[in-house]
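The values are calculated or read from the model by the stated rules, or taken from the named source; none is laboratory data. Keep in mind the model is a prediction, meaning the values are calculated, not measured. Positions of Cβ are backbone-derived with ideal geometry, glycine not excepted, and every protein chain shown enters the neighbour counts. Heads up: the accessible areas ignore ligands, DNA and RNA and are worked out on the full protein's heavy atoms, side chains in. Shrake-Rupley method; radii C 1.70, N 1.55, O 1.52, S 1.80 Å.
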Amino acid sequence: MYVFESPIDLMSHASLEIATIGNAEAWNQHNRLSLSGTSDRAIPYFLDRHKDIDNIIFCLDNDPAGHEAAVALAKKYAKKGFKTRIEFPIGKDFNDDLMAHLDGC
C-alpha cells in the first residue's frame, strides 16, 4: 500500500506509474491511500478493510514535515508487523514529479 499526504500526490503517483510502465491499467495494481496531511488516522481504518496488506510504502512530501512524519509512521507500522519503506519524490511532491515528467515529454 502506498501512502500519500494528498489526493493529488496519490493521483500523480498513479499517473507516473502508467507513464513509466506504459500500461493504462498499471495504476490499478497497488492500493493507495491519501492521508490529507500527515496524521495516520485513516491507515488503521483502511488496513482493517484490507487484511491482505503487509507492505506499506510511505510517499510523503520531500520537505522537513514529510520526512519527519514518514520516518515516524514507518517505525510505528514496522512495530505492528508491517514491512515498511519510505519513497520520497524527487521534487517537493509527486505532483511536482509528474509535472516535470510531462514537461520533459
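Brief remarks follow.
- Structure-derived Rg/Rh (Cα atoms, Kirkwood Rh) - corresponding label in (1) 0.93; (2) 1.02; (3) 0.97: (3)
- Listed peptides 7-16, 27-36, 46-55 by packing density, highest first (mean Cβ within 10 Å): 7-16, 27-36, 46-55
- For the chain, the per residue solvent-accessible surface stands at 58 Å², with DNA, RNA and ligands left out and a 1.4 Å probe.
- For segment 53-64, 3J(HN,Hα) computed residue by residue from phi via the Karplus equation (6.51, -1.76, 1.60; θ = phi - 60°) reads 6, 10, 10, 10, 10, 8, 10, 7, 4, 8, 8, x Hz, glycine and proline entered as x.
- Contact order normalised by residue count of the chain, Cα under 8 Å, 6+ apart, percent: 31 percent
- Surface composition of segment 15-105: carbon plus sulfur atoms contribute 53% of the solvent-accessible area (1.4 Å probe, protein chains only, all chains present).
- Fully extended contour minus Cα-Cα distance, from His101 to Asn23, at 0.36 nm per residue: 26.4 nm
- The phi torsions of segment 37-43, fed into the Karplus equation with coefficients 6.51, -1.76 and 1.60 and a -60° offset, translate into couplings of x, 10, 6, 9, 4, 7, 5 Hz, rounded to whole numbers, with Gly and Pro shown as x.
- Spin-label model distance (nm) - Asn55 vs Thr38, 7 Å beyond Cα toward Cβ: 2.6 nm
- Here Lys51 is the anchor, and the lysines within straight C-alpha reach of less than 28 Å, apart from those fewer than 8 places off in the same chain, are Lys75, Lys76, Lys79, Lys80, Lys83.
- The dipole here belongs to the chain: it is taken about the Cα centre, uses +1 on the Cβ of Lys and Arg and -1 on the Cβ of Asp and Glu, and is about 660 debye.
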